[in-house]
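Participant: To start, I am sharing the structure in question, which I have written as structure tokens.
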Amino acid sequence: MRSLIIAREVERRWPNATIQFILNRHVPYAATCPYPAELLDDTPTKNVKAVNDFMSCFLPDFVIFDASGRRAQLSHAKKLGAKVIFISQHKRKRSRGMKVLRALVTDSHWVVQPEFVIGAISWLDRFKLRLINKPEPLVIGPVFVNPDESTQVDLLKRYDLCAGEYVLLNAGSGGHMNAQGYIVEEFAKAAVNIHKATGLHCIMVYGPNYPKEFTQVSGVTAIKELSHVELVSLIDKAKIAVLSGGDTLLQAIALKKPTLSVAVSKDQNYRLKICQNNDLTVCAAHNAESIALGATKLIEGDSLQELEAALELCNCVNGLNVGMKEIATLYRSKFGCS
């Protein structure tokens, strides 16, 4: 999805750009990729020769390795004259991208986590990069489509909503479970109670991986799935959003939108703790009572204004805008024009 968002923005800004993906033919999104795709029998990272052979034929000006790629592939792209961009999304990947031999063949290393989550690089890594005359990784933050005003108008009309007068709830893909069952069902129960307590309409987005049927309840509009731009657009116009601790939470923070967040998997606990310690979200346990109580207190108490003030001071922004500026800079350095 991140690569697709970047590709669409490249196409919007440079309509004559030729865009090509290299994908594992066995992944679900291979059949729906809207751009030409070279399909391999395994992950592109493991298919070093196939990827290199394709690049030799395609002769790209830019290659983006999105949290993937062997050093030999980055090196081959560089030998072909391409500008090489490597994207990392956590500390382990960031460390791999800063290894000397990889850094030497990387023109720009993007980190798609805010620095307050991932932390700064060590003094040793900073020193090594200086020795080889390479820049530090560029912290661009979460990558998402900027909210679209016309889409927002259509969505508000479609679901009979008023900007700032509804709550959006989404537990991610909808497939996460706890001992009681699907966690998204706890979100759905909480939505009913939030409406009863506040009078605000709730939009409950179940997610594509929720396998059961659901019913419409008074005060709550249940939706199976929204596109990325639709979800971001509705979050942007909500009073608050109740979200899992995945990437959508960071996108909401970049939008300066107050959130109640819930860890739906163990790996999300650290991120939520960091975000809460920086006063950028409030957290609840993954049960309906905790979610409803937390959301109601956030809406009706003084903490909403405090959260909004902290979000305004946060330097987390849409990484798509930062990344496009970096691509434009690399473009000028390669071709000597804008």
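The values are calculated or read from the model by the stated rules, or taken from the named source; none is laboratory data. Values in this document were obtained by computation on a predicted structure and should not be read as measured data. For neighbour counting, all protein chains shown are included, and Cβ atoms are generated from backbone atoms with ideal geometry for every residue, glycine included. What goes into the accessible areas is simple: the full protein's heavy atoms, side chains included, and nothing from ligands, DNA or RNA. Shrake-Rupley method; radii C 1.70, N 1.55, O 1.52, S 1.80 Å.
Participant: Looking at L59, L74, L40 in this structure, which one is on the phi > 0 side of the Ramachandran plot and of a type in the set (A, V, I, L, M)? Before you say what the answer is, go through the steps one by one.
Facilitator: On the way: L74 fails: on the phi > 0 side of the Ramachandran plot; L40 fails: on the phi > 0 side of the Ramachandran plot.
Result of the check over L59, L74, L40: L59.
Participant: Go through the residues of the stretch 86-105 one by one and say whether even a single one is under 16 Å from the mean Cα position of the chain (by Cα) and among the hydroxyl-bearing types (S, T, Y).
Facilitator: yes
Participant: When you look at Y159, is it of a type in the set (F, W, Y) and farther than 17 Å from A285 by Cα, yes or no? Spell out the reasoning first.
Facilitator: On the way: of a type in the set (F, W, Y): yes; farther than 17 Å from A285 by Cα: yes.
So Y159 fits the description; yes.
Participant: Just the residues that are aliphatic (A, V, I, L, M), open to solvent by 20 Å² or more (accessible area, probe 1.4 Å) and more than 16 Å from K257 (Cβ to Cβ), please, taken from the stretch 288-338.
Facilitator: L293, V322, A328
Participant: On to the next question. May I ask you to list the residues in the stretch 41-58 that are open to solvent by less than 40 Å² (accessible area, probe 1.4 Å) and over 25 Å from S108 (Cα atoms)?
Facilitator: Selection gives nothing.
Participant: Do any residues in the stretch 310-338 that are within 21 Å of I6 (Cα to Cα) have Cβ atoms under 9 Å from those of residues that are among the hydroxyl-bearing types (S, T, Y) and assigned to a loop (DSSP other than H, G, I, E, B), where the two are at least six apart or on different chains, and which pairs are they?
Facilitator: These pairs meet every condition: A328/S338; Y331/S338; R332/S338.
Participant: Go through the stretch 59-86 and count every residue that is under 23 Å from E9 (Cβ atoms) and surrounded by fewer than 16 Cβ atoms within 10 Å (Cβ to Cβ).
Facilitator: Here is the first cut: in the stretch 59-86, the residues under 23 Å from E9 (Cβ atoms) are 59-69, 74, 77, 82-86.
Right, trim to surrounded by fewer than 16 Cβ atoms within 10 Å (Cβ to Cβ) and you get 59, 61.
Number of matching residues: 2.
Participant: Another one. Based on what the data block shows, is V111 within 21 Å of the chain's Cα centre (by Cα) and either under 23 Å from K325 (Cα atoms) or of a type in the set (V, I, T) (or both)?
Facilitator: Details: within 21 Å of the chain's Cα centre (by Cα): yes; either under 23 Å from K325 (Cα atoms) or of a type in the set (V, I, T) (or both): yes.
Taking the combined requirement at face value, the residue satisfies it.
Yes/no per residue for (1) crowded, with 20+ Cβ neighbours inside 10 Å; (2) free of Cβ contacts under 8 Å to residues at least 60 places away in the same chain; (3) under 21 Å from E165 (Cβ atoms); (4) acidic (D, E):
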{"position": "S261", "(1), (2), (3), (4)": "yes, yes, no, no"}
{"position": "K266", "(1), (2), (3), (4)": "no, yes, no, no"}
{"position": "I274", "(1), (2), (3), (4)": "no, no, no, no"}
{"position": "N277", "(1), (2), (3), (4)": "no, yes, no, no"}
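Participant: So which residues in the stretch 87-106 are open to solvent by less than 30 Å² (accessible area, probe 1.4 Å) and either within 17 Å of I6 (Cα to Cα) or in contact with a Ser or Thr (Cβ under 7 Å, 6 or more places away or on another chain) (or both)?
Facilitator: If the condition is that a residue be open to solvent by less than 30 Å² (accessible area, probe 1.4 Å) and either within 17 Å of I6 (Cα to Cα) or in contact with a Ser or Thr (Cβ under 7 Å, 6 or more places away or on another chain) (or both), then I87, S88, R94, G97, V105 are the ones that fit.
Participant: Of all residues in the stretch 173-230, which are touching a residue at least 40 places away in the same chain (Cβ under 8 Å), assigned to a strand (DSSP E or B) and exposed (fewer than 15 other Cβ atoms within 10 Å of the Cβ)?
Facilitator: If the condition is that a residue be touching a residue at least 40 places away in the same chain (Cβ under 8 Å), assigned to a strand (DSSP E or B) and exposed (fewer than 15 other Cβ atoms within 10 Å of the Cβ), then N178 is the only one that fits.
Participant: Further question on the same structure: Please work out if S244 is open to solvent by less than 50 Å² (accessible area, probe 1.4 Å) and either closer than 17 Å to A288 by Cβ or free of Cβ contacts under 8 Å to residues at least 24 places away in the same chain (or both).
Facilitator: Considered against the rule, which asks whether it is open to solvent by less than 50 Å² (accessible area, probe 1.4 Å) and either closer than 17 Å to A288 by Cβ or free of Cβ contacts under 8 Å to residues at least 24 places away in the same chain (or both), S244 comes out as yes.
Participant: Taking the stretch 20-40 as the region of interest, how many residues are open to solvent by less than 60 Å² (accessible area, probe 1.4 Å) and among the polar types (S, T, N, Q)?
Facilitator: 2
Participant: Take the stretch 122-143 and flag every residue that is among the charged types (D, E, K, R) and either in a loop (DSSP other than H, G, I, E, B) or open to solvent by less than 10 Å² (accessible area, probe 1.4 Å) (or both).
Facilitator: Taking the stretch 122-143 as the starting set, the residues that turn out to be among the charged types (D, E, K, R) are 125-126, 128, 130, 134, 136.
Residues satisfying the conditions are K134, E136.
Participant: Right, E326: in contact with a Ser or Thr (Cβ under 7 Å, 6 or more places away or on another chain) and not β-branched (V, I, T) or not? So that I can check it myself, show each step before the final result.
Facilitator: On the way: in contact with a Ser or Thr (Cβ under 7 Å, 6 or more places away or on another chain): yes; not β-branched (V, I, T): yes.
Yes, satisfied.
Participant: State whether one or more residues within the stretch 233-245 are more than 17 Å from F187 (Cβ to Cβ), of a type in the set (D, E, K, R) and modelled with pLDDT under 95.
Facilitator: We begin by selecting, within the stretch 233-245, every residue more than 17 Å from F187 (Cβ to Cβ); these are 233, 236-237.
Next, only the ones that are of a type in the set (D, E, K, R) stay: 236-237.
When the remaining residues are screened for being modelled with pLDDT under 95, the result is none.
Checking the stretch 233-245: not a single residue is more than 17 Å from F187 (Cβ to Cβ), of a type in the set (D, E, K, R) and modelled with pLDDT under 95.
Participant: Name the residue, out of A77, A72, that is out of contact with any Leu (no Cβ under 7 Å at 6 or more places or on another chain) and closer than 25 Å to Y331 by Cβ. It would help to see each step written out before you state the result.
Facilitator: Working: A72 fails: closer than 25 Å to Y331 by Cβ.
The match here is A77.
Participant: So which strands (runs of 3 or more DSSP E) stay within the stretch 52-121 end to end and still have 2 or more residues that are under 17 Å from F21 (Cα atoms)? Outline the logic, then answer.
Facilitator: On the way: elements: 62-66, 83-88, 108-111.
Strands (runs of 3 or more DSSP E) meeting the threshold: 62-66, 83-88.
Participant: Among the residues of the stretch 144-164, what is the count of those that are not aliphatic (A, V, I, L, M) and not in a helix (DSSP H, G or I)? Walk me through it before giving the result.
Facilitator: Taking the stretch 144-164 first, the residues not aliphatic (A, V, I, L, M) are 144, 146-152, 154, 157-160, 162, 164.
Okay, now just the ones that are also not in a helix (DSSP H, G or I), so 144, 146-148, 159-160, 162, 164.
Selection size over the stretch 144-164: 8.
Participant: Might you check whether a residue that is hydroxyl-bearing (S, T, Y) and either in contact with a Leu (Cβ under 9 Å, 6 or more places away or on another chain) or touching a residue at least 12 places away in the same chain (Cβ under 8 Å) (or both) occurs anywhere in the stretch 89-105? It would help to see each step written out before you state the result.
Facilitator: Narrowing the stretch 89-105 to residues hydroxyl-bearing (S, T, Y): 95.
Next cut, either in contact with a Leu (Cβ under 9 Å, 6 or more places away or on another chain) or touching a residue at least 12 places away in the same chain (Cβ under 8 Å) (or both) only: 95.
Yes: one or more hits.
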